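Engineer: Right, I'll just put the structure down here and ask away after.
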Amino acid sequence: MKKLVILGSTGSIGTQTLEIVKDKKGDFGVLALAAYSNVDLMEMQIREFKPSFAVLFDESAASKLKEKVSDTDTKVLSGMDGLLEISTLDECDMLVAAMVGMIGIQPTIAAVKAGKDIALANKETLVTAGHIIIPLCKENNVNLYPVDSEHSAIYQCLKAQDKKMVDKILLTASGGPFLGRKYDELKDVSLKDALNHPNWAMGKKITIDSASLVNKGLEVIEAKWLFDVDIDDVEVIIHPQSIIHSMVQFKDNAVLAQLGLPDMKLPIQYALYEGNRQTMPERKIDFFSLSKLDFLKPDHETFKGIKLAIDSYNRGYIYTTVFNASNEIANRFFQEGRIKFLQIYDIIEDALTLNFDYCKTPSLDEILNTEKEVYDYISTKY
Ligand code: MN3
């Protein structure tokens with residue numbers, strides 16, 4: 001039985017991970033669960049999965065939870081200390097890193113240092129600290145299994161292939177709910193419009209990131225780190241039907257693709273089983289009901305998310321933190337109704353004018369300090 005520590009258990013990936021744990025009875029045990037502040041769902045998960053530990057990052061939510069589950073054997077912890085403690089538990093076999101945002105960096109690094117395999121859904125971690133995490137994984141013989149659907153697809157396409165013969169990673173993108181619109185047509189889009197993703201049911205943050213294509217920008221950098229390719233060798237292809245989850249083009253011009261209906265269960269399950277196939281009860285593709293598959297070039301003038309990500313990466317790794325941190329804040333401000341959709345780009349562009357020339361390969365402390373500096377800068381200005 002593989003013992004899991006799940007960071008972000010109340011989110012979209014976390015709850016689907018627990019569904020798989022339930023379906024595959026006996027294959028997995030839940031050692032610890034962590035979430036930001038959702039007391040009620042965490043209580044239900046504790047009662048159902050009986051973890052030894054549960055963490056709520058928010059202190060007051062954690063004390064509420066502590067009272068509610070005082071009749072159980074689950075020990076309740078809080079804050080970053082709690083996350084770090086459960087990520088390095090001796091009995092842990094795999095860390096499912098599915099928290100949203102840069103909060104996942106420290107626990108993920110701690111788990112890697114403790115030699116834990118990682119199922120990685122928290123792309124922000126790799127985007128901002130890939131230059132630290134990837135070498136650290138090699139050093140500690142840690143396997144990193146991508147949960148992001150595109151990266152799982154690429155991982156599957158690369159299996160049993162000669163990595164030296166990779167020509168290009170072809171990263172597909174649905175284009176989100178605003179596909180086909182021009183810049184001026186996005187001025188007054190609402191939160192509800194942005195959350196109306198055509199194909200994928202996901203958490204709010206990533207759904208908005210998909211609408212701005214910032215998510216795809218983050219995924220380009222994520223692919224660069226996961227598959228050790230040049231960032232220019234990752235090409236984004238808009239594929240509105242989300243049937244092809246990504247492709248790899250080889251130097252003999254062969255292209256391998258992974259297809260499936262848009263369903264995160266497959267990439268999650270594939271990661272939990274360390275890249276081994278298992279049965280899946282969900283729906284299968286009916287090729288005869290697919291009328292066509294479309295492929296389009298991204299409109300970088302309207303959706304600046306990809307370009308901003310690549311530019312920040314090329315300027316020095318610290319700017320991936322600036323890019324990501326400013327987007328996290330802008331994304332939250334948009335959810336709170338404080339800014340308009342297109343201001344997400346303005347805020348990122350504004351943050352990227354800050355000067356952090358001191359570090360091309362920042363340390364963890366420099367990343368965390370820069371994150372804080374960007375948060376403060378944006379919060380006081382907007
Ligand atoms: Mn994705």
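The values are calculated or read from the model by the stated rules, or taken from the named source; none is laboratory data. The structure presented is a predicted model; accordingly, all values stated were derived computationally and were not measured. Here the Cβ is made from the backbone with ideal geometry for all residues, glycine too, and neighbour counts use every protein chain on show. All accessible areas refer to the heavy atoms of the entire protein, side chains included, with ligands and DNA or RNA removed. Shrake-Rupley method; radii C 1.70, N 1.55, O 1.52, S 1.80 Å.
Engineer: Do you know which residues across the range 10-67 are part of a helix (DSSP H, G or I), of a type outside the set (S, T, N, Q) and closer than 20 Å to Ala119 by Cα?
Structural biologist: Those that are part of a helix (DSSP H, G or I), of a type outside the set (S, T, N, Q) and closer than 20 Å to Ala119 by Cα: Ile13, Gly14, Leu18, Glu19, Ile20, Val21, Lys22, Asp23, Phe49.
Engineer: Of all the residues that make up the range 36-52, how many are crowded, with 17+ Cβ neighbours inside 10 Å, free of Cβ contacts under 8 Å to residues at least 40 places away in the same chain and not polar (S, T, N, Q)?
Structural biologist: 6
Engineer: Looking at (1) under 21 Å from the mean Cα position of the chain (by Cα); (2) at pLDDT 95 or above; (3) closer than 19 Å to Ile344 by Cβ, can you tell me which one Asn196 breaks?
Structural biologist: (2)
Engineer: Something else about it: Check whether at least one residue in the range 243-254 is under 18 Å from Val100 (Cβ atoms) and not hydroxyl-bearing (Ser, Thr, Tyr), and report yes or no.
Structural biologist: The answer is no, given that none of the residues of the range 243-254 is under 18 Å from Val100 (Cβ atoms) and not hydroxyl-bearing (Ser, Thr, Tyr).
Engineer: Keeping to the range 264-283, report how many residues are touching a residue at least 12 places away in the same chain (Cβ under 8 Å) and open to solvent by 40 Å² or more (accessible area, probe 1.4 Å).
Structural biologist: Of the residues in the range 264-283, 7 are touching a residue at least 12 places away in the same chain (Cβ under 8 Å) and open to solvent by 40 Å² or more (accessible area, probe 1.4 Å).
Engineer: Let me ask you something else. Here are Ile310, Ile329, Ile339: which of them is in a helix (DSSP H, G or I) and either acidic (Asp, Glu) or more than 19 Å from Val236 (Cβ to Cβ) (or both)?
Structural biologist: Ile329
Engineer: In the range 14-26, which residue that is open to solvent by less than 60 Å² (accessible area, probe 1.4 Å) and over 19 Å from the mean Cα position of the chain (by Cα) is modelled with the highest pLDDT?
Structural biologist: Of everything passing the filter in the range 14-26, Val21 is modelled with the highest pLDDT.
Engineer: When the residues of the range 263-299 are filtered to those that are touching a strand residue (DSSP E or B) at 6+ places or on another chain (Cβ under 8 Å) and under 27 Å from Thr17 (Cβ atoms), which remaining residue is modelled with the lowest pLDDT?
Structural biologist: Restricting to residues being touching a strand residue (DSSP E or B) at 6+ places or on another chain (Cβ under 8 Å) and under 27 Å from Thr17 (Cβ atoms), the top hit is Ile285.
Engineer: To continue, here is another question. Residue under question is Asp357, and the condition is that it be over 16 Å from Gly101 (Cβ atoms), assigned to a helix (DSSP H, G or I) and free of Cβ contacts under 8 Å to residues at least 60 places away in the same chain; does it hold?
Structural biologist: no
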